[in-house]
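Undergrad: Got a structure for you, questions after.
The values are calculated or read from the model by the stated rules, or taken from the named source; none is laboratory data. Nothing here was measured: the structure is a model prediction, and the numbers come from that model. Because the Cβ atoms are built from the backbone with ideal geometry, glycine has one as well, and the counts that use them run over all protein chains shown. When the accessible area is computed, the model is the full protein with side chains, heavy atoms only, and any ligands, DNA or RNA have been set aside. Shrake-Rupley method; radii C 1.70, N 1.55, O 1.52, S 1.80 Å.
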Amino acid sequence: MSLRDLTPRICYRSNAGNVVDDFYVPCMERSVLYRRAVGYFTSGSLSLAARGAAQLIKSGGRIQLVTSPRLQASDVEAIERGYATRGQRIRQVVEVELDKLANELEQERLGALAWLISVGSLEIKLALRVNPQTRQIVRGIYHEKIGVFADSEGNLISFTGSQNETEGGFVDNFESIDVYWSWEDPHGRARSKASDFDALWSGATSGSGLEVLDFTDVAKELLQKYTPASPPELDPEQLAWRSPRWKAPHGPSLPVNLELRPHQVEGIRNWVSAQGKGILQMATGAGKTITALAAAVKLSEQLGLQALIVICPYRHLVQQWGREADNFGFAPLLAFESVHRWAEELTMRQNELSTGTKTFLAVITTNSTFASPAFQSRIRYFPRNTMLVGDEVHNLGAETLAESLPDSVALRMGLSATPERWFDPIGTARLYSYFGAVIEPRLTLKRALELKVLVPYRYVPLLVELDEDERDRYMELSGKIAKQWHIGDQEGDSVKYLLLERSRLIASARNKLVALRALAQDSLKDRGNLLVYCGDGTVESPVDAGVTRQVDEVLRVLGGELGMRMSRYTADESVEERETLRVQIDAGVLQGLVAIRCLDEGVDIPSVQTAVILASSSNPRQFVQRRGRVLRRAPGKESATVYDMVVVPPSEAVVGESERTLLRKELIRFVEFADLASNSGEARAAIFPLQKKFNLMDI
């Protein structure tokens, strides 16, 4: 066959046909030499043009490739395997039956790539930008794009254009190439492009600031030193929401019934446009987990992602991520608690990935396990094409955790409804430095409610007064605080202690339990899907005239006195016990859970419809997370209700700055909750008298 048998077009564009089937395959089938100089190359391009490449090889042909060092990790490994076995193998049908080569190129592209190199059918050289005088590597990459086909008769078809030698360049991007052929070429452009390639291949361009090296040990050393850890120039257009042209068997995939929301698709595309770095800020319940897993699936299908590491703050979140990841086919390893439970399995899976036995590795772990020496020592064995996801990423801004984050992983996605760290600008800066900026769209709670991603809610403020003994103690503490403020000692240890004592008094106010009992009898006794958030302090107990934790006293009132089917959900319960509780409340076996902090971040119990907040810190993250727990959508769930208790300072208290500061923290939460509620006018009216008395109308 001859290239003259073809009638090529002068230009091929993505909107006018399939460049692979219309141009590449017919040219390869008729060629004995294919020369390509291009900025980016992946083995996916060979798999797409497999039929033509197989015919070229069967005809005794060769492929010569000049590319930049920005190769995918899987391709580097395959190339190294090919060069390592060259000279030890001969070209025999018994090694790879040539009749099966097209199928090998398409289905097992990495093995076929290594084989082509090992038998001398594929030569690869690396082009690096250098200083012409010093020969030192400089910024920038080799980005030229030349292609030349040559047949046995000496005919040439040359082309140049925007297209890279990647699957994305062939399939997903909008590209164009200009084509010239030697038998009708009055200006000699076809042979001119061939001469340009010859100059590259022979090293004749070295004086112009470009050095071309064989893929030898020296070149591989340079490759490791200068190749970025991330896939080259991630292109959001490559993440088409369709089935990929090639997919490893048994790899991760989108669940059949999953339909991503527009904000999730936009978030993924914008993260890819930011070269795989950034923080997705989404309201609690808006689908951050699903978004991250979907991004990992698309990167694995279309850009060669090989591994996923997810870091979670708590053990129960590891299990929750595990359930979701199973739905996507990731088959993740859950690494937490004792090192003996996961270390050997992780080593085995890393070995399987490096040898090609498995095509993907997913690990979900806790912050503490990830930072441990046992896990840190294994990070270097993850491939370069690894994606790291930080769930509730604000936690990773802490100094010790931030130091454990690996520079070797370039694909980084942070997830949080509230990424900024409370009163920790340095920790926040660490987060943004490693994970990147917040990615648009920022799905605030207001926007999530407008888009109906979350259910609407009623907000009911419950104003609670101190009893007589507590009022006396409050007045005593407030008097001492006022004296310290008067002399300007607002930051000293003594005033801090007094403020802490007063905060504890308010958090454990006895009338909160009185108000809870009345609320339960009136509205909650026969209701299910309930969460009660407590403080982590103690309260007086009438049972033994002693003190007990607030969570235990709430459980006694609701479960013991009123006969409600309630259970505690705290750090004292094991991961297995918490999972059982989650299932029981979803199934209606339990009416509700009484929690301290364990339900603040990430726990997914969508069926919950009612929340009662007895105590809350002034950290806005906590009340944002708690509100989000109850607003998740679930079948049959149309709305939610949030009851929020706040202690009212005694009416006889002098309205001083410390009282205003104390109440301001509470009212900021009240106002934010109220303004987005379906009954915002009613909720605002309940707190108006407090705003007026304490001169807090600016909130």
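Undergrad: Is it fair to say residue 265 is among the aliphatic types (A, V, I, L, M), outside any loop (DSSP other than H, G, I, E, B) and open to solvent by 10 Å² or more (accessible area, probe 1.4 Å)? Explain how you work it out, then say what you get.
TA: On the way: among the aliphatic types (A, V, I, L, M): yes; outside any loop (DSSP other than H, G, I, E, B): yes; open to solvent by 10 Å² or more (accessible area, probe 1.4 Å): yes.
So residue 265 fits the description; yes.
Undergrad: Hey, another quick one. In the stretch 442-460, which residues are open to solvent by less than 20 Å² (accessible area, probe 1.4 Å), in a strand (DSSP E or B) and modelled with pLDDT of 90 or more?
TA: Step one: of the stretch 442-460, the residues open to solvent by less than 20 Å² (accessible area, probe 1.4 Å) are 443, 448, 453-455, 457, 459.
From what is left, the residues that are in a strand (DSSP E or B) are 443, 457, 459.
Passing the criteria: 457, 459.
Undergrad: Please work out if residue 272 is buried (at least 23 other Cβ atoms within 10 Å of the Cβ) and under 21 Å from residue 369 (Cβ atoms). Write out each step before concluding.
TA: Numbers: buried (at least 23 other Cβ atoms within 10 Å of the Cβ): yes; under 21 Å from residue 369 (Cβ atoms): no.
So residue 272 fails the test.
Undergrad: Separate question: For the stretch 1-97, which strands (runs of 3 or more DSSP E) that fit wholly inside it have 1 or more residues that are more than 18 Å from residue 152 (Cβ to Cβ), more than 34 Å from the chain's Cα centre (by Cα) and modelled with pLDDT under 65? Spell out how you get there, then give the answer.
TA: Values: elements: 11-13, 33-38, 62-67.
In the stretch 1-97, there are no strands (runs of 3 or more DSSP E) which contain 1 or more residues that are more than 18 Å from residue 152 (Cβ to Cβ), more than 34 Å from the chain's Cα centre (by Cα) and modelled with pLDDT under 65.
Undergrad: May I pose another question? Any idea which residue in the stretch 461-475 is surrounded by the most Cβ atoms within 10 Å (Cβ to Cβ), counting only those that are among the hydrophobic types (A, V, I, L, M, F, W, C) and over 18 Å from residue 672 (Cβ atoms)?
TA: Here is the first cut: in the stretch 461-475, the ones among the hydrophobic types (A, V, I, L, M, F, W, C) are 462-464, 466, 475.
Then keep just the ones that are over 18 Å from residue 672 (Cβ atoms); that gives 464, 466, 475.
Numbers: 464: 18, 466: 21, 475: 16.
For the stretch 461-475, the residue satisfying everything is 466.
Undergrad: Enumerate the pairs (first residue in the stretch 408-435 and farther than 15 Å from residue 275 by Cβ and touching a residue at least 24 places away in the same chain (Cβ under 8 Å); second residue anywhere and among the hydroxyl-bearing types (Ser, Thr, Tyr) and open to solvent by 20 Å² or more (accessible area, probe 1.4 Å)) with beta-carbon separation below 9 Å, excluding pairs fewer than 6 apart on the same chain, so at least 6 apart or on different chains.
TA: 415/289; 417/444; 419/432; 422/617; 422/618
Undergrad: If a residue must be in a helix (DSSP H, G or I) and either open to solvent by less than 60 Å² (accessible area, probe 1.4 Å) or in contact (Cβ under 8 Å) with a residue 24 or more places away in the chain (or both), how many such residues does the stretch 350-367 contain? Don't jump to the end; show me each part of the working.
TA: Narrowing the stretch 350-367 to residues in a helix (DSSP H, G or I): 350-355, 367.
Adding the requirement that they be either open to solvent by less than 60 Å² (accessible area, probe 1.4 Å) or in contact (Cβ under 8 Å) with a residue 24 or more places away in the chain (or both) leaves 350, 352-354, 367.
Looking only at that region, the number is 5.
Undergrad: Still on this structure, I have one more. Residue 576 versus (1) at pLDDT below 85; (2) surrounded by 14 or more Cβ atoms within 10 Å (Cβ to Cβ): which is the lone unmet condition?
TA: Going through the list (1) at pLDDT below 85; (2) surrounded by 14 or more Cβ atoms within 10 Å (Cβ to Cβ), residue 576 breaks only (2).
Undergrad: Here is a further query. Could you look through the stretch 268-282, keep only residues that are in a helix (DSSP H, G or I) and not aliphatic (A, V, I, L, M), and pick out the one that is farthest from residue 454 (Cα to Cα)?
TA: First, pick out the residues of the stretch 268-282 that are in a helix (DSSP H, G or I): 268-273.
With the extra rule that they be not aliphatic (A, V, I, L, M), the set shrinks to 269-271, 273.
Details: 269: 22, 270: 23, 271: 23, 273: 27 Å.
If we take residues in the stretch 268-282 being in a helix (DSSP H, G or I) and not aliphatic (A, V, I, L, M), then 273 is farthest from residue 454 (Cα to Cα).
Undergrad: Which is modelled with pLDDT of 80 or more, among the acidic types (Asp, Glu), open to solvent by 30 Å² or more (accessible area, probe 1.4 Å) and touching a Ser or Thr at 6+ places or on another chain (Cβ under 6 Å), of 106, 153, 184, 123? Please lay out each step first, then the result.
TA: Working: 106 fails: modelled with pLDDT of 80 or more; 184 fails: touching a Ser or Thr at 6+ places or on another chain (Cβ under 6 Å); 123 fails: touching a Ser or Thr at 6+ places or on another chain (Cβ under 6 Å).
Exactly one residue qualifies, and that residue is 153.
Undergrad: Oh, and also: Quick check: anything in the stretch 422-438 within 19 Å of residue 630 (Cα to Cα) and either in a loop (DSSP other than H, G, I, E, B) or not small (Gly, Ala, Ser) (or both)?
TA: Let us first name the residues in the stretch 422-438 that are within 19 Å of residue 630 (Cα to Cα), namely none.
Within the stretch 422-438, none of the residues are within 19 Å of residue 630 (Cα to Cα) and either in a loop (DSSP other than H, G, I, E, B) or not small (Gly, Ala, Ser) (or both).
Undergrad: Next question, about the same structure. Which residue out of 398, 429, 437, 482 is surrounded by fewer than 19 Cβ atoms within 10 Å (Cβ to Cβ) and in contact with a strand residue (DSSP E or B) (Cβ under 7 Å, 6 or more places away or on another chain)?
TA: Numbers: 398 fails: in contact with a strand residue (DSSP E or B) (Cβ under 7 Å, 6 or more places away or on another chain); 429 fails: in contact with a strand residue (DSSP E or B) (Cβ under 7 Å, 6 or more places away or on another chain); 482 fails: in contact with a strand residue (DSSP E or B) (Cβ under 7 Å, 6 or more places away or on another chain).
The match here is 437.
Undergrad: While we're here: Yes or no: the stretch 404-422 includes at least one residue that is closer than 30 Å to residue 690 by Cβ and over 23 Å from the mean Cα position of the chain (by Cα).
TA: First, pick out the residues of the stretch 404-422 that are closer than 30 Å to residue 690 by Cβ: 417-418, 420-422.
Checking which are over 23 Å from the mean Cα position of the chain (by Cα) leaves us with none.
So far as the stretch 404-422 goes, no, none of its residues is closer than 30 Å to residue 690 by Cβ and over 23 Å from the mean Cα position of the chain (by Cα).
Undergrad: Among the numbered conditions (1) at pLDDT 60 or above; (2) not in a helix (DSSP H, G or I), tell me where residue 249 comes up short.
TA: (1)
Undergrad: Exactly one of (1) farther than 30 Å from residue 678 by Cβ; (2) open to solvent by 20 Å² or more (accessible area, probe 1.4 Å); (3) outside any helix (DSSP H, G or I); (4) among the β-branched types (Val, Ile, Thr) is unmet by residue 418. Its number?
TA: (1)
Undergrad: Could you check, for the stretch 291-303, whether at least one of its residues is on the phi > 0 side of the Ramachandran plot and open to solvent by 10 Å² or more (accessible area, probe 1.4 Å)?
TA: First, the residues of the stretch 291-303 that are on the phi > 0 side of the Ramachandran plot: none.
No, every residue in the stretch 291-303 fails to be on the phi > 0 side of the Ramachandran plot and open to solvent by 10 Å² or more (accessible area, probe 1.4 Å).
Undergrad: Take the stretch 595-614 and flag every residue that is surrounded by fewer than 21 Cβ atoms within 10 Å (Cβ to Cβ) and either at pLDDT 85 or above or more than 28 Å from the chain's Cα centre (by Cα) (or both).
TA: 607
Undergrad: Touching a Gly at 6+ places or on another chain (Cβ under 9 Å) and either open to solvent by 50 Å² or more (accessible area, probe 1.4 Å) or assigned to a helix (DSSP H, G or I) (or both) - does that describe any residue in the stretch 379-388?
TA: Scanning the stretch 379-388, I find no residue that is touching a Gly at 6+ places or on another chain (Cβ under 9 Å) and either open to solvent by 50 Å² or more (accessible area, probe 1.4 Å) or assigned to a helix (DSSP H, G or I) (or both), so the answer is no.
Undergrad: Next question, about the same structure. Would you check if there is a residue in the stretch 262-272 being closer than 29 Å to residue 357 by Cα and modelled with pLDDT of 55 or more?
TA: Going through the stretch 262-272, the residues closer than 29 Å to residue 357 by Cα turn out to be 272.
Filter again for modelled with pLDDT of 55 or more, leaving 272.
Yes.
Undergrad: Among the residues of the stretch 658-670, is there at least one that is among the charged types (D, E, K, R), modelled with pLDDT of 80 or more and farther than 15 Å from residue 457 by Cβ?
TA: Taking the stretch 658-670 first, the residues among the charged types (D, E, K, R) are 659-660, 664-666, 669.
If we keep only those that are modelled with pLDDT of 80 or more as well, we get none.
No: zero hits.
Undergrad: Would you be able to say whether some residue in the stretch 310-331 is free of Cβ contacts under 8 Å to residues at least 12 places away in the same chain and either part of a helix (DSSP H, G or I) or crowded, with 23+ Cβ neighbours inside 10 Å (or both)?
TA: Taking the stretch 310-331 first, the residues free of Cβ contacts under 8 Å to residues at least 12 places away in the same chain are 323, 326.
Next, only the ones that are either part of a helix (DSSP H, G or I) or crowded, with 23+ Cβ neighbours inside 10 Å (or both) stay: 323, 326.
The answer is yes, given that some residue of the stretch 310-331 is free of Cβ contacts under 8 Å to residues at least 12 places away in the same chain and either part of a helix (DSSP H, G or I) or crowded, with 23+ Cβ neighbours inside 10 Å (or both).
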